[in-house]
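Quick notes on the structure that follows.
Read-outs: derived from the displayed coordinates by stated rules, not from any lab. Keep in mind that this is a model prediction, so the values were computed, not measured. Note: ideal-geometry Cβ built from the backbone for every residue, glycine included; neighbour counts use all protein chains shown.
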Ligand SMILES: Nc1ncnc2c1ncn2[C@@H]1O[C@H](COP(=O)(O)OP(=O)(O)OP(=O)(O)O)[C@@H](O)[C@H]1O
Ligand SMILES: [Mg+2]
C-alpha cells in the first residue's frame, strides 16, 4: 500500500547540512497498522511529512495505493493528498469553531457543497463518537475528545491512508487506550492503512501489526512485530521486554529465551532442568499480549560455559524457542 524506496531528505541552511532521512526503504501493507519508532531526531516526522508531501524528498520513490506520488502534479497531487489523512500530537483545533465547525473546515477547503457538508460532518462525528459534543467548543472538551476531532478531520477526505505523528503522546494512559481502540476500529471498518509514529511501547503492543526502528535517518530494523520479537538481537524485543543488564558470571551461560503462543504454556525451564539434571536460574522475564498472541522473554542462567551447554541450547531450540546466548566476559563480540 505504501512503498518507500531509497528516500533521502537533507535540510540545508546557514552553512550546515543535515540528512534527516538517509536512504529509507519501507513497505506498509494494505490494512496494516505500522509503527515507526526511534529516538528524538531520528527522522521519523520528516519521513512522515515526505509521505504526504508536506516535505519534498531529495531522492527516492514513494508509492501510495499504486501511485508514484513524486510524479504527480497539480490536481492529481491534490487528489492523492486527499487520500492521505494526518493526525497530530497537538490537535491544532480552531478555538473559535465548535467541534462540528472544526470537522466542517477541511470539507470547506475541499469545496464540498454546503448541503452535503452537514450530512458528512454528522457521519464523521458519529464515526469518532462525538455526536453529543457537536456544539461544544475545543476549550470545553477533553484531550481525548480533541484528538477525536483531529481524527474526524483527518477522515474528511475519505482517505485510504492515515498518518499519525505521536497522536497519543499528550494523552493519559486510559485516554490513549481509547484512542488506540478507535484507530483499530476505524482501520477495520474503513479499511484504512495506518502509518504511525510513536515512542510508546504500549502503542506498539496494543495495535501495531508491523514496526520499524529508525536511527540517524535510517531504518535499522523492520518487520511484523511478531517477527521482530522473535528475531535474536532485535531492538524492539529489547525495548518491549526490558531485562536488567546481563551480568554473566564466569563459568555460567546466560540465555535469553523468547517464546510465543503454545510454547509459552510448556514448562521448558523445568524440562531443561530435569533432562540435564542441572539447576536453572531465572534472572528475569516478562510475558506480554502482543497482537493477540502471548509472547514472552525469559533470561536464564545455566551452569558451565556456553560451549559446554550445546546440547542444552539445542534442547531449547528444538522446543521451538528463540535462543540468544550472552557472550561470557572476556569473549570478543563480533560487531
Ligand atoms: N525544517 C527543518 N529544517 C532543518 N532541520 C530540520 C527540520 N526539520 C527537522 N530537522 C532536523 O532533522 C532531524 C530529524 O528531525 P525529525 O523531526 O524528523 O525527528 P523525529 O524523529 O521526528 O524526532 P522527535 O521524536 O523529536 O519528533 C533533526 O535533527 C531535526 O533537527
Ligand atoms: Mg517528530
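Beta bridges from DSSP with both residues in the chain: antiparallel share about 70 percent, rounded to the nearest 5. How many angstrom lie between the C-alpha centres of the range 5-30 and the range 255-306? About 40 Å separates the Cα centre of the range 5-30 from the one of the range 255-306. Its alpha carbons considered, the range 241-325 gives a radius of gyration followed by a Dmax of 12.5, 39 Å.
Between residue 39 and residue 18, the contour length at 0.36 nm per residue exceeds the alpha carbon distance by 5.9 nm. Between residue 61 and residue 216, the modelled label-to-label distance comes to 2.7 nm, taking each label 7 Å out from Cα in the direction of the beta carbon. GNM on the chain, alpha-carbon springs under 10 angstrom: the most fluctuating residue among 241, 268, 34 is 268.
With a simple spin-label model that places each label point 7 Å from the Cα along the Cα-to-Cβ direction, the separation between residue 243 and residue 202 comes to 2.5 nm. Modelled spin-label separation between residue 82 and residue 114, with each label point placed 7 Å from Cα along the Cα-to-Cβ direction: 2.0 nm. Dividing the summed -39500 (n - 2.57) terms of all DSSP H runs of n ≥ 4 by the residue count of the chain sets its mean residue ellipticity at 222 nm at -9500 deg cm²/dmol.
Taking only the Cα atoms of the range 1-61, the radius of gyration and Dmax are 12.1, 43 Å.
At 0.36 nm per residue, and after removing the present C-alpha to C-alpha distance, how many nm does the segment from residue 283 to residue 10 gain when stretched out fully?
Residue separation times 0.36 nm, minus the Cα-Cα distance, leaves 93.8 nm.
For the pair residue 317 and residue 134 in one chain, pulling the backbone fully straight at 0.36 nm per residue adds 60.2 nm over the alpha carbon distance. Computed from the C-beta positions of residue 94 and residue 224 and an R0 of 51 Å, the FRET efficiency is 0.85 to the nearest 0.05.
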